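What follows draws every value from the coordinates through simple rules; no lab data is involved. Quick caveat: nothing in here was measured; it's all calculated off a predicted structure. Glycine also receives a Cβ, built like all others from the backbone with ideal geometry; neighbour counts cover every protein chain displayed.
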Amino acid sequence: MSRKIIIDTDPGQDDAVAILLALASPEEIEVLGIVAVAGNVGLAQNAINARKVVELSGRTDIPVYAGCARPMRRTLVTAEHVHGDTGLNGPELPDPQVPLQAQHGVDYIIDTLMNAEPKTVTLCTLGPLTNIAMALIKQPEIADRIQEIVMMGGAYFEVGNITPAAEFNIYVDPEAANVVMRCGAPITIQPLDVTHMIQSTPARLDAIKALGNRSGQAVYDMLTFSEGFDLKKYGWIGAPLHDPTVIAYLLQPELFEGRHCNVEIETASELTVGMTVVDYWHVTDRPRNATYLRSGDADGFYKLLTERLARLP
Ligand code: BDR
Ligand code: CA
């Protein structure tokens with residue numbers, strides 16, 4: 001039986017690749033809907049980008065919603081410096097024809113969880129956690145009904161990418177991340193500690209381009225664009241690839257290793273706001289609220305990704 005998921009996202013080239021990986025895997029994953037959130041760029045553009053990606057995949061049946069336009073308490077911080085002015089620079093994708101759903105994304109998340117059998121819907125979060133936190137605040141009963149939250153966010157051993165202490169998705173809305181981390185639902189985290197190992201080297205990108213389909217070409221164009229910033233920053237041969245690790249974890253969890261431990265979000269300190277404080281060594285008695293992944297098999301990941309992208313138009 002395939003696993004039902006909602007993808008909450010701010011696409012984002014790496015978000016787009018995650019969406020494509022999920023839509024290319026219908027035997028294992030049923031994407032119920034996609035909800036845009038403010039993050040890499042503003043909400044309206046992220047909602048356009050999400051619709052461009054479903055059209056690219058040929059899955060125009062997937063409903064796309066717009067959620068929250070700004071973080072719970074803070075001014076929105078965006079990342080055009082990484083993703084380009086559209087958030088999805090690289091390929092030339094046509095303006096989307098599929099409509100944006102009228103319902104607010106937060107209400108869609110609540111309704112879906114309240115109407116499904118308990119513990120049958122997984123939330124895959126690829127951006128700031130604003131929509132999920134707002135859903136938990138508006139309808140707290142959803143917490144017990146979530147099968148699992150699998151998120152890309154945070155960092156501990158690799159620390160920050162937007163500040164020295166914080167990863168972007170957590171930093172943009174730390175109060176929301178805090179609500180989510182304490183909600184009681186099972187949580188699995190793909191942090192920078194994993195995604196920095198999943199590097200899109202030239203050989204791996206060339207293999208995706210060589211698929212010869214439009215999705216492979218678009219992924220190549222997207223990642224070639226978004227790599228620029230990180231290659232300069234880190235000086236590695238390939239840039240980290242973040243959000244698709246969430247979907248890869250659903251498909252092949254054995255590609256990743258980590259442990260169940262306490263994860264807290266710093267919301268008060270000016271210096272380290274948005275930091276994910278991970279009790280990886282169990283030095284406290286704080287409740288173990290998340291499975292924190294620490295490493296991943298990059299060759300296995302790219303084999304899976306390339307093989308699945310080949311199935312798309
Ligand atoms: C995260 O930040 C975003 O820019 C990426 O899409 C990813 O979700 C990595 O820190
Ligand atoms: Ca993202």
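The C-beta contact set for region 264-287 (first residue on the phi > 0 side of the Ramachandran plot, second residue of a type outside the set (Lys, Arg) and part of a loop (DSSP other than H, G, I, E, B), distance under 6 angstrom, 6+ apart or interchain) comprises Gly274/Ala166.
Against the conditions (1) in a strand (DSSP E or B); (2) free of Cβ contacts under 8 Å to residues at least 40 places away in the same chain, Ala69 satisfies every one except (1).
Considering only region 72-94, I want to know if a residue exists there that is closer than 20 Å to Ala177 by Cα and crowded, with 23+ Cβ neighbours inside 10 Å. No, there is no match, as no residue in region 72-94 is closer than 20 Å to Ala177 by Cα and crowded, with 23+ Cβ neighbours inside 10 Å.
Screening region 165-189 for residues that are in a loop (DSSP other than H, G, I, E, B) and closer than 18 Å to His242 by Cβ and picking the one that is nearest to ligand 1 (Cβ to nearest atom) gives Glu167. For region 125-164, a residue qualifies if it is within 16 Å of ligand 2 (Cβ to nearest atom) and in a loop (DSSP other than H, G, I, E, B), and the qualifying residues are Leu126, Gly127, Pro128, Leu129, Gly153, Gly154, Ala155, Gly160, Asn161, Ile162. Residue count for region 259-294 satisfying the condition of being among the hydroxyl-bearing types (Ser, Thr, Tyr), in contact with a helix residue (DSSP H, G or I) (Cβ under 9 Å, 6 or more places away or on another chain) and in a loop (DSSP other than H, G, I, E, B): 1. Among the residues of region 8-23, those that are within 10 Å of ligand 1 (Cβ to nearest atom) and either surrounded by fewer than 24 Cβ atoms within 10 Å (Cβ to Cβ) or not in a helix (DSSP H, G or I) (or both) comprise Thr9, Asp10, Pro11, Gly12. The residues of region 24-53 that are within 16 Å of ligand 1 (Cβ to nearest atom) and either free of Cβ contacts under 8 Å to residues at least 24 places away in the same chain or part of a loop (DSSP other than H, G, I, E, B) (or both), listed by number, are Val37, Ala38, Gly39, Asn40, Val41, Gly42. In this structure, Lys4 does not qualify as within 16 Å of ligand 1 (Cβ to nearest atom), on the phi < 0 side of the Ramachandran plot and either crowded, with 24+ Cβ neighbours inside 10 Å or in contact (Cβ under 8 Å) with a residue 24 or more places away in the chain (or both).
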